[in-house]
Every structure is written in C-alpha cells, then in structure tokens.
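Okay, structure first, notes after.
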C-alpha cells in the first residue's frame, strides 16, 4: 500500500483531532506473517487502512533505521508491529521485596509507547525501538479466565499500563472495548486502564458494570509540558476523566514520578487543585504517589536523547532495589506537601498510597504502615468496593 506523505499527514491529523491521539505518529504498520489471517489483525488493518503496512516473516524486526539503540528510538516509535505473544500475558508486577508493593497484576498487551516521556523507564528495559502489539487476544482472555478460576477467593487488580500506555494505540486496536466487556462479570477482579492520553471514545456506551477503573498519570504542569512529550495536556486528561465519570467508570490517578524541579511546590499544588476541584471526588478509587526512581543506565540514555532536560542532574542515592532515587529527606518533604494538599480534599473512600516506598516512609507521612490496615492490597481492594 502506497500513499503520499501529504495524504498520510491529513489522515493522521483527522485521527488526532484536538486530543493529540498518539497514533498520529505511526508511519508504518508491520504484521508478522502468521498473524495476518487473524480476524482481529484484519480489523486493526482496516482501521489503519491509510497507514502503509508490510508483512514480515515471524521473528523479524521492523525497519527502524541504521542507528543503534537507543538512537533509533524516535524512529522506532513511528513503527508498529502486530505480532503474537508466545509467553505469559499475566504476571505479578516486577516489584522488589525491599519496598512496599501493592500486589498488582500486569497484563502485557504489547511493548513500548508512541509517546516519549524523558524519564520513561522502558528506555532502559528494552533493546529494540519499535512498538509492538499482541494480536493473539484469544490466548490473552483465556489466561485471564484461568487465573481467576484458579484462585476464586483472591481479588485481582489487573492493569495494562506497565509496559505500554493502556490507551495510546486504542484508536487502532480497540482493545479496551474487548477487555472492558470481558471483565464486566468478573466479581473477583477489576481492570485498570492507565494512560496519559485523552483517547477514551471506545469506552463510551459500554456496559462495564463497575469492573473497570480508568486512570491517569499526572504531574506538575512544567513536567507535563517539558518532559512528557506527545502526551495530552492536563486539561485534556481531566476532561477525559470527567467524561469517563459521566459514563459510570471508577477513576484513579497516579503522581508518579514526582520530580524535584524549580517551583515544584506550586506546580504540584496547581495540578492537585485542578484535579480535585474539577473531577468528581466520589468516583476516585485511589491516588498513588511515587518519587522519581530509575535504573542507573537510564540517566545516560535519557540525557543522550534529551540533552536539554535538567532533572537528572539532581543528587540521588542508590536504593535497596538498585535504582537511583532522591535522598530520604527530600522524598519526605515532597510527600508531606502533596499528601497534605490531597488529604484536605479527597473523599474518605479514596485510598492514598505510596508506590514502592518503605514502611518507615509510610509511618512518617501517613502515621501508619499498611499492615495496620490489613496490608496495602487489602486497602486497595476495599477502595474498589467503596466506590459504587
């Protein structure tokens, strides 16, 4: 399929509209040969009919330029591979026992993201630049069902936003509709779709029965504008959250990573005020907080790709998980500020929690440790049921 660059530009702009849909950045779709016949693959290609696509042998990689990784990441993020996942779809969050984890279950729908956040940890995890999306969704749904049937008395919080953004490719894949409808009758699980986009049209008019939480990562305006490239603005994220609330969805928000920068107090206060003054508070299930932490070699990759970014030049200490993070005194100062702003306005039913922090930090900021309330997983499970 060949189309002119002008036609492709017109097409992608029409897809994006005013919401900055990330799929506007995709220039080529590659399809593994064995996946081409799948009805789901054909449906995606029909939605992407104006984007050039190519069939490649299984196990081959898309063309992403001659530059080595990570220099080819910018080009790779314009390339989408539709392929088969030969491994497990559902795995526990790759946490570390040194810090408190929420027992999240990660549903791996693909790898990489068309957006380009300077701090994105995927830059250090991956060794190839292209976007991938797994089209063997029958296997994915069967694996979810098996996990829920094997542990019927355990409540699972399942999310798709660990290795990619949950909704960034949804305009092409339509996966959200499939997942929401599949999860609606699962009494011992909830699905979380986490995003930095405003791509929510596929969620409209779905009978989700309250089993799906739509969540957004938020940050201070300066960080969102300078370091979260190709993402939706704060205003568009909150507008999308309000629409989802109107459609009956439960909501969640994640301040992670919290980044120290000039004016951070005013910036985070502005975001928190806008969030809690404009979004219905009784629909918010949880809000997480986590300060910037990163693998040592991420700094070199990020500064190589984004030399004008400054926040990596702060002082860091190597944590127990072998990731760099701010010194404890700075983390405590930032957490105290954000917690005070949120605690003043959130609903009683909303669970405020830390992502990957020690019990000492919990005690100092919240005045308790998760075990005092049955553990963090139990706290989050109760929050799900508290929002009706």
Output yes when any residue across the stretch 97-108 is over 30 Å from residue 357 (Cα atoms), in contact with a helix residue (DSSP H, G or I) (Cβ under 6 Å, 6 or more places away or on another chain) and modelled with pLDDT under 95, and no when none is.
-> no
If you check 30, 40, 69, which single one turns out to be surrounded by fewer than 19 Cβ atoms within 10 Å (Cβ to Cβ) and not in a loop (DSSP other than H, G, I, E, B)?
-> 40
Determine whether the stretch 314-327 contains at least one residue that is in contact (Cβ under 8 Å) with a residue 60 or more places away in the chain, under 30 Å from residue 229 (Cβ atoms), in contact with a helix residue (DSSP H, G or I) (Cβ under 9 Å, 6 or more places away or on another chain) and surrounded by 12 or more Cβ atoms within 10 Å (Cβ to Cβ).
-> yes
Would you mind listing the strands (runs of 3 or more DSSP E) fully within the stretch 193-303 where at least 3 residues are closer than 19 Å to residue 337 by Cβ and in contact with a helix residue (DSSP H, G or I) (Cβ under 9 Å, 6 or more places away or on another chain)?
-> 250-258, 284-291
Would you pick out the residues in the stretch 106-146 that are assigned to a loop (DSSP other than H, G, I, E, B), in contact (Cβ under 8 Å) with a residue 60 or more places away in the chain and closer than 15 Å to residue 81 by Cβ?
-> 109, 113, 114, 128, 129, 130, 135, 136
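Quick grid of which residues meet (1) crowded, with 19+ Cβ neighbours inside 10 Å; (2) closer than 20 Å to residue 192 by Cα:
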{"position": "87", "(1), (2)": "no, no"}
{"position": "92", "(1), (2)": "no, yes"}
{"position": "101", "(1), (2)": "no, yes"}
{"position": "106", "(1), (2)": "no, yes"}
{"position": "110", "(1), (2)": "yes, yes"}
{"position": "113", "(1), (2)": "yes, yes"}
{"position": "118", "(1), (2)": "yes, no"}
{"position": "122", "(1), (2)": "no, yes"}
{"position": "129", "(1), (2)": "yes, no"}
Give 339, 335 a once-over and let me know the one that is under 22 Å from residue 295 (Cα atoms), in contact with a strand residue (DSSP E or B) (Cβ under 7 Å, 6 or more places away or on another chain) and either at pLDDT 95 or above or outside any loop (DSSP other than H, G, I, E, B) (or both).
-> 335
Which ones in the stretch 165-185 are surrounded by fewer than 22 Cβ atoms within 10 Å (Cβ to Cβ), in a loop (DSSP other than H, G, I, E, B) and in contact (Cβ under 8 Å) with a residue 40 or more places away in the chain?
-> 174
Within the stretch 358-374, which residues are out of contact with any helix residue (DSSP H, G or I) (no Cβ under 8 Å at 6 or more places or on another chain) and in contact (Cβ under 8 Å) with a residue 40 or more places away in the chain?
-> 358
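The values are calculated or read from the model by the stated rules, or taken from the named source; none is laboratory data. Treat the numbers as computed from the prediction; the structure is a model and nothing was measured. Methodologically, a virtual Cβ is constructed for each residue, glycine included, from the backbone with ideal geometry; neighbour enumeration extends over all protein chains shown.
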